[in-house]
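The values are calculated or read from the model by the stated rules, or taken from the named source; none is laboratory data. Worth saying up front: this structure is predicted, and the values here are computed from it rather than measured. Here Cβ is always computed from backbone atoms with ideal geometry, including for glycine, and neighbour counts include all displayed protein chains. The accessibility values were calculated without ligands, DNA or RNA, using every heavy atom of the protein model including side chains. Shrake-Rupley method; radii C 1.70, N 1.55, O 1.52, S 1.80 Å.
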Amino acid sequence: MGASHADAVAEVAVVGLGAWGACALWQLASRGVDAIGIDRYGTANVHGSSHGESRMFRTACLEHPGLVPLARRSGELWEKLERQTGTRLLARTGAMLIGPPDGRIVAGALTAAREHGLDVDVLDPPRMRARVPAHDGIPADHVGIVEPAGGLTAPEATIDAAVTAARTAGARVFTDTRVTAIELVDDGAVLHTALRPIRVARVVVAVGPWLSQFVPELPLEVVRMPTTWFTPVTPDPRFTLERLPVFMRELDGGEVIWGHGCLPGAREVKLGLEDGGRHFRVVDPETLDRSVSPADWSALAELLPAAIPGISALPSRVTGNIYARTPDGQFVLGRLRGDRRVVVAGGCGGHGFKHATGVGEVIADLVQDREPRPTLDFADPDRFL
(Lines give C-alpha, C1' and ligand atoms only; values in the text may rest on other atoms or scores of the structure.)
Protein backbone atom coordinates (compact mmCIF):
# COMPACT_ATOMS: atom_id res chain seq x y z
CA MET A 1 0.00 0.00 0.00
CA GLY A 2 1.63 3.24 -1.08
CA ALA A 3 0.85 6.89 -0.42
CA SER A 4 2.03 10.08 -2.01
CA HIS A 5 1.99 13.70 -0.96
CA ALA A 6 -0.80 14.20 -3.48
CA ASP A 7 -2.92 11.61 -1.64
CA ALA A 8 -2.22 12.98 1.82
CA VAL A 9 -5.08 14.64 3.71
CA ALA A 10 -2.53 16.72 5.61
CA GLU A 11 1.18 17.34 5.76
CA VAL A 12 1.40 16.23 9.39
CA ALA A 13 -0.78 14.40 11.88
CA VAL A 14 -0.21 14.75 15.60
CA VAL A 15 -1.59 11.64 17.30
CA GLY A 16 -2.33 12.38 20.95
CA LEU A 17 -3.38 15.83 22.18
CA GLY A 18 -2.09 15.78 25.71
CA ALA A 19 0.26 18.58 26.73
CA TRP A 20 3.08 17.68 24.33
CA GLY A 21 0.86 16.87 21.37
CA ALA A 22 -1.35 19.93 21.79
CA CYS A 23 1.67 22.22 21.94
CA ALA A 24 3.22 20.52 18.90
CA LEU A 25 0.00 21.06 16.95
CA TRP A 26 -0.01 24.73 17.96
CA GLN A 27 3.60 25.20 16.89
CA LEU A 28 3.11 23.44 13.55
CA ALA A 29 -0.09 25.28 12.68
CA SER A 30 1.37 28.63 13.67
CA ARG A 31 4.14 28.03 11.12
CA GLY A 32 1.62 27.48 8.36
CA VAL A 33 1.95 23.70 8.30
CA ASP A 34 -1.17 21.84 7.18
CA ALA A 35 -1.66 19.79 10.34
CA ILE A 36 -4.35 17.69 11.94
CA GLY A 37 -4.58 16.66 15.58
CA ILE A 38 -6.19 13.41 16.68
CA ASP A 39 -7.08 12.28 20.19
CA ARG A 40 -8.70 9.09 21.37
CA TYR A 41 -10.69 11.04 23.95
CA GLY A 42 -11.31 14.78 24.13
CA THR A 43 -8.95 17.65 24.75
CA ALA A 44 -7.85 18.17 28.36
CA ASN A 45 -9.20 14.75 29.37
CA VAL A 46 -8.47 12.84 32.59
CA HIS A 47 -7.24 9.60 31.04
CA GLY A 48 -3.52 10.27 30.54
CA SER A 49 -0.73 12.34 32.04
CA SER A 50 -1.92 15.93 31.54
CA HIS A 51 -4.50 16.77 34.18
CA GLY A 52 -4.77 17.69 37.84
CA GLU A 53 -5.40 21.48 37.96
CA SER A 54 -1.77 22.47 38.59
CA ARG A 55 1.76 21.41 37.73
CA MET A 56 5.14 22.58 38.94
CA PHE A 57 7.22 24.83 36.72
CA ARG A 58 10.93 25.26 37.42
CA THR A 59 14.08 25.79 35.43
CA ALA A 60 16.45 24.27 38.02
CA CYS A 61 16.00 20.87 36.39
CA LEU A 62 17.53 18.32 38.73
CA GLU A 63 16.55 15.51 36.32
CA HIS A 64 19.22 16.59 33.80
CA PRO A 65 21.13 19.88 33.40
CA GLY A 66 20.48 19.68 29.67
CA LEU A 67 16.79 20.31 30.34
CA VAL A 68 17.44 23.83 31.67
CA PRO A 69 17.48 25.55 28.24
CA LEU A 70 14.29 23.69 27.36
CA ALA A 71 12.60 24.88 30.56
CA ARG A 72 13.68 28.47 29.92
CA ARG A 73 12.33 28.35 26.40
CA SER A 74 9.12 26.74 27.67
CA GLY A 75 8.56 29.68 30.00
CA GLU A 76 8.88 32.10 27.07
CA LEU A 77 6.47 30.07 24.98
CA TRP A 78 3.97 29.80 27.83
CA GLU A 79 3.89 33.58 27.95
CA LYS A 80 3.46 33.70 24.17
CA LEU A 81 0.52 31.28 24.37
CA GLU A 82 -0.99 33.41 27.13
CA ARG A 83 -0.79 36.49 24.92
CA GLN A 84 -2.28 34.69 21.93
CA THR A 85 -5.24 33.26 23.83
CA GLY A 86 -5.76 35.79 26.62
CA THR A 87 -5.54 32.99 29.19
CA ARG A 88 -3.54 32.87 32.42
CA LEU A 89 -1.47 29.69 32.22
CA LEU A 90 1.75 30.20 34.19
CA ALA A 91 1.91 31.81 37.63
CA ARG A 92 5.51 32.52 38.65
CA THR A 93 4.97 32.19 42.38
CA GLY A 94 8.50 30.89 42.94
CA ALA A 95 9.54 27.31 43.57
CA MET A 96 11.45 25.76 46.47
CA LEU A 97 13.66 22.66 46.59
CA ILE A 98 14.53 21.42 50.07
CA GLY A 99 16.75 18.66 51.41
CA PRO A 100 20.28 17.62 52.38
CA PRO A 101 22.98 19.45 50.38
CA ASP A 102 24.28 16.18 48.95
CA GLY A 103 20.82 14.74 48.28
CA ARG A 104 19.33 14.18 44.87
CA ILE A 105 16.95 17.14 44.98
CA VAL A 106 19.26 19.92 46.20
CA ALA A 107 22.47 18.66 44.61
CA GLY A 108 20.76 18.13 41.25
CA ALA A 109 19.17 21.57 41.31
CA LEU A 110 22.42 23.27 42.31
CA THR A 111 24.29 21.50 39.51
CA ALA A 112 21.75 22.76 36.99
CA ALA A 113 21.81 26.28 38.48
CA ARG A 114 25.61 26.54 38.41
CA GLU A 115 25.93 25.14 34.89
CA HIS A 116 23.39 27.58 33.46
CA GLY A 117 23.72 30.60 35.75
CA LEU A 118 20.21 30.38 37.15
CA ASP A 119 18.91 32.96 39.58
CA VAL A 120 18.48 30.99 42.81
CA ASP A 121 18.86 31.72 46.51
CA VAL A 122 20.18 29.15 49.00
CA LEU A 123 18.53 29.32 52.43
CA ASP A 124 19.62 27.82 55.74
CA PRO A 125 16.97 26.22 58.05
CA PRO A 126 16.07 29.41 59.99
CA ARG A 127 15.48 31.33 56.77
CA MET A 128 13.58 28.39 55.30
CA ARG A 129 11.26 28.21 58.29
CA ALA A 130 10.60 31.94 58.00
CA ARG A 131 9.96 31.58 54.27
CA VAL A 132 7.76 28.47 54.46
CA PRO A 133 6.52 28.02 58.06
CA ALA A 134 4.30 25.10 57.04
CA HIS A 135 7.45 22.97 56.69
CA ASP A 136 8.24 21.85 60.22
CA GLY A 137 11.11 19.81 61.57
CA ILE A 138 13.61 20.76 58.87
CA PRO A 139 16.95 19.27 60.01
CA ALA A 140 19.74 21.69 60.81
CA ASP A 141 21.89 20.33 57.99
CA HIS A 142 19.26 20.72 55.24
CA VAL A 143 19.07 23.68 52.89
CA GLY A 144 16.47 25.21 50.64
CA ILE A 145 16.83 26.55 47.11
CA VAL A 146 14.39 29.24 46.06
CA GLU A 147 13.95 29.80 42.34
CA PRO A 148 11.96 33.00 41.73
CA ALA A 149 11.20 32.03 38.11
CA GLY A 150 9.44 28.85 39.23
CA GLY A 151 5.76 28.48 39.84
CA LEU A 152 2.62 26.72 38.69
CA THR A 153 1.17 25.90 35.31
CA ALA A 154 -2.45 25.04 34.58
CA PRO A 155 -2.52 21.73 32.64
CA GLU A 156 -6.10 21.60 31.39
CA ALA A 157 -6.14 25.30 30.52
CA THR A 158 -2.80 24.98 28.71
CA ILE A 159 -4.05 22.15 26.51
CA ASP A 160 -7.29 23.97 25.72
CA ALA A 161 -5.35 27.14 24.89
CA ALA A 162 -2.85 25.31 22.64
CA VAL A 163 -5.61 23.50 20.75
CA THR A 164 -7.57 26.74 20.39
CA ALA A 165 -4.49 28.55 19.06
CA ALA A 166 -3.81 25.66 16.67
CA ARG A 167 -7.36 25.75 15.34
CA THR A 168 -7.16 29.51 14.91
CA ALA A 169 -4.01 29.00 12.85
CA GLY A 170 -5.77 26.49 10.61
CA ALA A 171 -5.26 23.08 12.24
CA ARG A 172 -8.06 20.52 12.08
CA VAL A 173 -8.80 18.59 15.28
CA PHE A 174 -10.49 15.20 15.58
CA THR A 175 -11.41 14.06 19.09
CA ASP A 176 -13.04 10.78 20.16
CA THR A 177 -11.03 9.19 17.36
CA ARG A 178 -8.84 6.22 18.14
CA VAL A 179 -5.86 5.48 15.93
CA THR A 180 -5.48 1.70 16.02
CA ALA A 181 -2.30 1.43 13.95
CA ILE A 182 0.25 3.60 12.20
CA GLU A 183 1.55 2.18 8.94
CA LEU A 184 4.66 3.73 7.45
CA VAL A 185 4.50 3.70 3.67
CA ASP A 186 6.74 4.84 0.84
CA ASP A 187 6.05 8.55 1.12
CA GLY A 188 4.45 9.05 4.49
CA ALA A 189 2.14 7.24 6.88
CA VAL A 190 -1.35 5.82 7.01
CA LEU A 191 -3.25 6.18 10.27
CA HIS A 192 -5.86 3.48 10.70
CA THR A 193 -9.03 4.45 12.54
CA ALA A 194 -12.43 2.82 12.93
CA LEU A 195 -13.95 5.04 10.25
CA ARG A 196 -11.28 5.34 7.58
CA PRO A 197 -7.55 5.44 6.96
CA ILE A 198 -5.92 8.87 7.13
CA ARG A 199 -2.92 9.55 4.89
CA VAL A 200 -0.28 12.07 5.91
CA ALA A 201 3.25 12.87 4.87
CA ARG A 202 4.58 12.78 8.44
CA VAL A 203 3.26 11.74 11.81
CA VAL A 204 4.00 12.76 15.39
CA VAL A 205 3.26 10.02 17.93
CA ALA A 206 2.62 11.75 21.26
CA VAL A 207 0.20 9.36 22.92
CA GLY A 208 1.77 9.40 26.37
CA PRO A 209 1.17 6.16 28.30
CA TRP A 210 0.04 4.42 25.11
CA LEU A 211 3.30 4.98 23.22
CA SER A 212 4.39 1.36 23.59
CA GLN A 213 1.34 0.25 21.64
CA PHE A 214 2.74 2.00 18.57
CA VAL A 215 6.48 1.64 19.27
CA PRO A 216 6.79 -1.62 21.25
CA GLU A 217 10.57 -1.73 20.91
CA LEU A 218 10.95 1.25 23.25
CA PRO A 219 11.54 0.13 26.89
CA LEU A 220 8.68 2.09 28.43
CA GLU A 221 6.65 1.19 31.48
CA VAL A 222 3.45 2.87 32.57
CA VAL A 223 3.13 3.94 36.19
CA ARG A 224 -0.03 4.82 38.10
CA MET A 225 0.52 7.91 40.25
CA PRO A 226 -2.14 8.97 42.75
CA THR A 227 -2.78 12.70 42.99
CA THR A 228 -3.99 13.81 46.41
CA TRP A 229 -5.38 16.95 48.00
CA PHE A 230 -5.64 17.55 51.76
CA THR A 231 -7.32 20.25 53.84
CA PRO A 232 -5.74 21.99 56.85
CA VAL A 233 -7.23 20.93 60.18
CA THR A 234 -8.13 24.58 60.79
CA PRO A 235 -7.88 27.62 58.49
CA ASP A 236 -4.25 28.65 58.59
CA PRO A 237 -2.40 31.30 56.54
CA ARG A 238 0.66 29.02 56.48
CA PHE A 239 -1.10 26.94 53.84
CA THR A 240 -1.88 29.65 51.31
CA LEU A 241 -0.05 29.48 48.01
CA GLU A 242 1.81 32.67 48.91
CA ARG A 243 3.20 31.12 52.11
CA LEU A 244 3.56 27.59 50.74
CA PRO A 245 4.66 27.92 47.11
CA VAL A 246 5.32 24.91 44.93
CA PHE A 247 8.03 22.71 46.42
CA MET A 248 9.92 19.43 46.41
CA ARG A 249 11.31 18.29 49.76
CA GLU A 250 13.65 15.36 50.30
CA LEU A 251 13.42 13.86 53.79
CA ASP A 252 16.23 12.15 55.66
CA GLY A 253 14.86 8.74 54.75
CA GLY A 254 15.09 9.56 51.05
CA GLU A 255 11.35 10.08 50.53
CA VAL A 256 10.41 13.14 48.48
CA ILE A 257 7.22 15.12 49.13
CA TRP A 258 6.00 17.64 46.59
CA GLY A 259 3.08 20.03 46.45
CA HIS A 260 1.86 23.56 47.01
CA GLY A 261 -0.51 25.58 49.15
CA CYS A 262 -4.15 26.41 48.51
CA LEU A 263 -4.90 28.00 45.17
CA PRO A 264 -6.75 31.36 45.38
CA GLY A 265 -10.30 30.77 46.55
CA ALA A 266 -9.65 27.10 47.37
CA ARG A 267 -9.21 25.25 50.68
CA GLU A 268 -7.12 22.27 49.60
CA VAL A 269 -3.37 21.74 49.74
CA LYS A 270 -2.08 19.58 46.90
CA LEU A 271 0.51 17.10 48.13
CA GLY A 272 2.14 14.05 46.63
CA LEU A 273 4.89 11.52 47.11
CA GLU A 274 7.51 10.99 44.46
CA ASP A 275 7.78 7.45 43.25
CA GLY A 276 11.36 6.37 43.83
CA GLY A 277 10.27 2.93 42.65
CA ARG A 278 8.74 2.03 45.99
CA HIS A 279 5.12 3.13 45.89
CA PHE A 280 3.63 3.39 42.41
CA ARG A 281 2.36 0.41 40.48
CA VAL A 282 3.30 -0.48 36.93
CA VAL A 283 0.03 -0.83 35.04
CA ASP A 284 -1.51 -1.48 31.66
CA PRO A 285 -3.34 1.69 30.55
CA GLU A 286 -5.98 -0.42 28.81
CA THR A 287 -6.98 -2.35 31.93
CA LEU A 288 -6.20 0.28 34.56
CA ASP A 289 -8.38 0.25 37.68
CA ARG A 290 -9.05 3.93 38.39
CA SER A 291 -10.73 3.37 41.75
CA VAL A 292 -8.85 4.64 44.81
CA SER A 293 -8.02 3.04 48.14
CA PRO A 294 -5.98 3.85 51.29
CA ALA A 295 -2.93 2.40 49.53
CA ASP A 296 -2.98 5.50 47.35
CA TRP A 297 -2.31 7.90 50.22
CA SER A 298 -1.23 5.97 53.31
CA ALA A 299 2.55 6.23 52.71
CA LEU A 300 2.28 9.99 52.22
CA ALA A 301 -0.11 10.49 55.13
CA GLU A 302 2.36 8.80 57.50
CA LEU A 303 5.00 11.40 56.66
CA LEU A 304 2.85 14.53 56.93
CA PRO A 305 2.48 14.88 60.75
CA ALA A 306 6.24 15.35 61.14
CA ALA A 307 6.99 17.09 57.85
CA ILE A 308 3.93 19.34 57.38
CA PRO A 309 1.85 19.28 60.56
CA GLY A 310 -1.64 20.72 60.62
CA ILE A 311 -2.91 18.76 57.62
CA SER A 312 -5.89 16.41 57.91
CA ALA A 313 -4.97 12.74 58.09
CA LEU A 314 -7.30 11.80 55.24
CA PRO A 315 -7.19 13.38 51.79
CA SER A 316 -10.13 15.42 50.62
CA ARG A 317 -9.68 14.22 47.02
CA VAL A 318 -7.76 11.47 45.25
CA THR A 319 -7.43 10.91 41.52
CA GLY A 320 -5.40 8.53 39.42
CA ASN A 321 -2.78 9.70 36.94
CA ILE A 322 -0.58 7.60 34.68
CA TYR A 323 2.64 8.33 32.90
CA ALA A 324 5.30 6.47 30.93
CA ARG A 325 8.91 6.34 32.05
CA THR A 326 12.16 5.11 30.55
CA PRO A 327 14.94 3.13 32.29
CA ASP A 328 17.18 6.21 32.49
CA GLY A 329 14.41 8.64 33.47
CA GLN A 330 14.87 10.80 30.36
CA PHE A 331 12.38 11.52 27.61
CA VAL A 332 12.16 9.81 24.25
CA LEU A 333 11.95 12.69 21.82
CA GLY A 334 13.09 12.54 18.23
CA ARG A 335 12.92 10.73 14.92
CA LEU A 336 12.66 6.98 15.25
CA ARG A 337 15.71 5.37 13.64
CA GLY A 338 16.32 8.67 11.90
CA ASP A 339 13.18 8.24 9.80
CA ARG A 340 11.87 11.63 8.66
CA ARG A 341 8.31 10.26 8.47
CA VAL A 342 7.83 9.74 12.20
CA VAL A 343 8.66 11.69 15.36
CA VAL A 344 8.01 10.08 18.74
CA ALA A 345 7.51 12.06 21.92
CA GLY A 346 6.97 10.37 25.26
CA GLY A 347 8.49 8.92 28.40
CA CYS A 348 7.68 12.06 30.38
CA GLY A 349 8.58 10.30 33.64
CA GLY A 350 6.18 12.49 35.59
CA HIS A 351 8.30 15.61 35.08
CA GLY A 352 7.52 16.48 31.49
CA PHE A 353 4.62 18.90 31.77
CA LYS A 354 6.81 21.88 32.68
CA HIS A 355 8.52 21.46 29.31
CA ALA A 356 5.34 21.08 27.23
CA THR A 357 5.49 24.29 25.21
CA GLY A 358 9.21 23.87 24.53
CA VAL A 359 8.76 20.23 23.57
CA GLY A 360 6.07 21.33 21.12
CA GLU A 361 8.58 23.62 19.45
CA VAL A 362 11.23 20.88 19.33
CA ILE A 363 8.73 18.52 17.69
CA ALA A 364 7.83 21.15 15.11
CA ASP A 365 11.52 21.71 14.33
CA LEU A 366 12.06 17.97 13.86
CA VAL A 367 9.05 17.68 11.58
CA GLN A 368 10.35 20.55 9.46
CA ASP A 369 13.90 19.17 9.34
CA ARG A 370 15.25 22.07 11.39
CA GLU A 371 17.89 21.72 14.08
CA PRO A 372 15.87 21.87 17.33
CA ARG A 373 16.63 24.50 19.90
CA PRO A 374 17.77 23.42 22.32
CA THR A 375 19.32 20.13 21.26
CA LEU A 376 18.27 17.17 23.39
CA ASP A 377 20.63 14.42 22.31
CA PHE A 378 20.14 12.61 25.63
CA ALA A 379 16.46 12.16 24.73
CA ASP A 380 17.08 10.50 21.36
CA PRO A 381 14.78 7.46 21.19
CA ASP A 382 17.39 5.53 19.19
CA ARG A 383 19.53 5.17 22.32
CA PHE A 384 17.32 2.21 23.23
CA LEU A 385 17.25 0.57 19.80
Note on segment 60-85: residues modelled with pLDDT of 95 or more and open to solvent by 10 Å² or more (accessible area, probe 1.4 Å) are 69, 72, 73, 76, 79, 80, 82, 83, 84, 85
If you go through 153, 175, 180, the only one that is in contact (Cβ under 8 Å) with a residue 60 or more places away in the chain, of a type in the set (Val, Ile, Thr) and surrounded by fewer than 22 Cβ atoms within 10 Å (Cβ to Cβ) is 175
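Each row is one residue, and each column tells you yes or no for (1) more than 30 Å from residue 281 (Cα to Cα); (2) β-branched (Val, Ile, Thr); (3) at pLDDT 95 or above; (4) open to solvent by 50 Å² or more (accessible area, probe 1.4 Å).
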site: 125; (1), (2), (3), (4): yes, no, no, no
site: 145; (1), (2), (3), (4): yes, yes, yes, no
site: 187; (1), (2), (3), (4): yes, no, no, yes
site: 195; (1), (2), (3), (4): yes, no, no, yes
site: 203; (1), (2), (3), (4): yes, yes, yes, no
Those residues of segment 274-293 that are touching a helix residue (DSSP H, G or I) at 6+ places or on another chain (Cβ under 6 Å) and closer than 15 Å to residue 317 by Cα come to a total of 0
Within segment 232-248, residues being out of contact with any helix residue (DSSP H, G or I) (no Cβ under 7 Å at 6 or more places or on another chain) and buried (at least 20 other Cβ atoms within 10 Å of the Cβ) number 5
Across (1) touching an Asp or Glu at 6+ places or on another chain (Cβ under 9 Å); (2) at pLDDT 95 or above, residue 166 clears everything bar (1)
Checked 158, 164 against criteria (open to solvent by less than 50 Å² (accessible area, probe 1.4 Å), among the β-branched types (Val, Ile, Thr) and assigned to a helix (DSSP H, G or I)); the one match is 158
Condition set of a type in the set (Val, Ile, Thr) and open to solvent by less than 40 Å² (accessible area, probe 1.4 Å), scope segment 86-119, selection farthest from residue 360 (Cα to Cα): answer is 98
Residues in segment 252-283 that are at pLDDT 95 or above and over 27 Å from residue 91 (Cα atoms) total 0
Quiz item: Within segment 62-80, is there a residue that is of a type in the set (A, V, I, L, M, F, W, C), over 30 Å from residue 146 (Cβ atoms) and out of contact with any strand residue (DSSP E or B) (no Cβ under 6 Å at 6 or more places or on another chain)?
Solution: no
Result of the Cβ filter at 7 Å on segment 116-142, keeping first residues that are in a helix (DSSP H, G or I) and partners that are open to solvent by 40 Å² or more (accessible area, probe 1.4 Å), at least 6 apart or interchain, is 125/140
